[in-house]
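The values are calculated or read from the model by the stated rules, or taken from the named source; none is laboratory data. All figures in this text were calculated on a predicted structure; none of them were measured in a lab. Because the Cβ atoms are built from the backbone with ideal geometry, glycine has one as well, and the counts that use them run over all protein chains shown. Just so you know, the surface numbers come from the protein's heavy atoms only, side chains and all, with ligands and any DNA or RNA stripped out. Shrake-Rupley method; radii C 1.70, N 1.55, O 1.52, S 1.80 Å.
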Amino acid sequence: MIKHILLGTCCLAQFSFVHAKEVPAPKTDGFITSSTLQQVPKTVIIKTKKFKIRIDKQPNGKYLYQSWNANAKITAKPSMIISDGELIPDGTGGNYYINFNNEGHSYQIWRNYLTDSPKKAPYTLVVNYADDREIVRQDGYVVKN
């Protein structure tokens, strides 16, 4: 009886290996690892000194930027909407920023995983003119993630 059970178990294992197929590893462009991709939220709402900002990943892989005054409700109509933002990795430690362009201005939302200071805010909003002169730099904290 034990021989039949062992034979059945071995045959079952053999048949399982026959039908198993190899799953290919996800393709990366060499800059973004799968662990980094898992750390980028689909939606994040951050609050800076003057703004509430919502970043959403769109079905096409681009990002949508919406902002309000810091005291406004997020259910109100946004004061600014920018589409087609791109995720840009910053090194290999998991830091990245999402870049948006609007009327000659560059809006960047930096994610600060690795910093020199434990007090560093998790996000930073940086707004630049087209010639890279900085207009705004404000630390942001997660309101909802």
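Which of the residues spanning the range 42-58 are among the basic types (Lys, Arg) and either in a loop (DSSP other than H, G, I, E, B) or without any contact (Cβ under 8 Å) to a residue 40 or more places away in the chain (or both)?
Of the residues in the range 42-58, the ones among the basic types (Lys, Arg) are 42, 47, 49-50, 52, 54, 57.
Listed by number, the residues that qualify are Lys42, Lys49, Lys50, Arg54, Lys57.
Would you mention how many residues in the range 49-92 are among the small types (Gly, Ala, Ser) and either in contact with a helix residue (DSSP H, G or I) (Cβ under 9 Å, 6 or more places away or on another chain) or on the phi > 0 side of the Ramachandran plot (or both)? Walk me through how you get there before you give the answer.
First pass over the range 49-92, keeping only residues among the small types (Gly, Ala, Ser): 61, 67, 70, 72, 76, 79, 83, 85, 91.
Now drop any that are not either in contact with a helix residue (DSSP H, G or I) (Cβ under 9 Å, 6 or more places away or on another chain) or on the phi > 0 side of the Ramachandran plot (or both), which leaves 61, 91.
Result for the range 49-92: 2.
Which one is most open to solvent (accessible area, probe 1.4 Å) among residues in the range 59-94 that are among the aliphatic types (A, V, I, L, M) and part of a strand (DSSP E or B)? Step through it out loud before you land on a result.
Of the range 59-94, the ones among the aliphatic types (A, V, I, L, M) are 64, 70, 72, 74, 76, 80-82, 87-88.
Now drop any that are not part of a strand (DSSP E or B), which leaves 64, 80-82, 87-88.
Numbers: Leu64: 33, Met80: 50, Ile81: 101, Ile82: 6, Leu87: 43, Ile88: 53 Å².
Per the stated criteria, the residue is Ile81.
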Quick one: how many residues across the range 102-116 are closer than 16 Å to Ile53 by Cβ and either touching a Lys or Arg at 6+ places or on another chain (Cβ under 9 Å) or of a type outside the set (Val, Ile, Thr) (or both)? 8
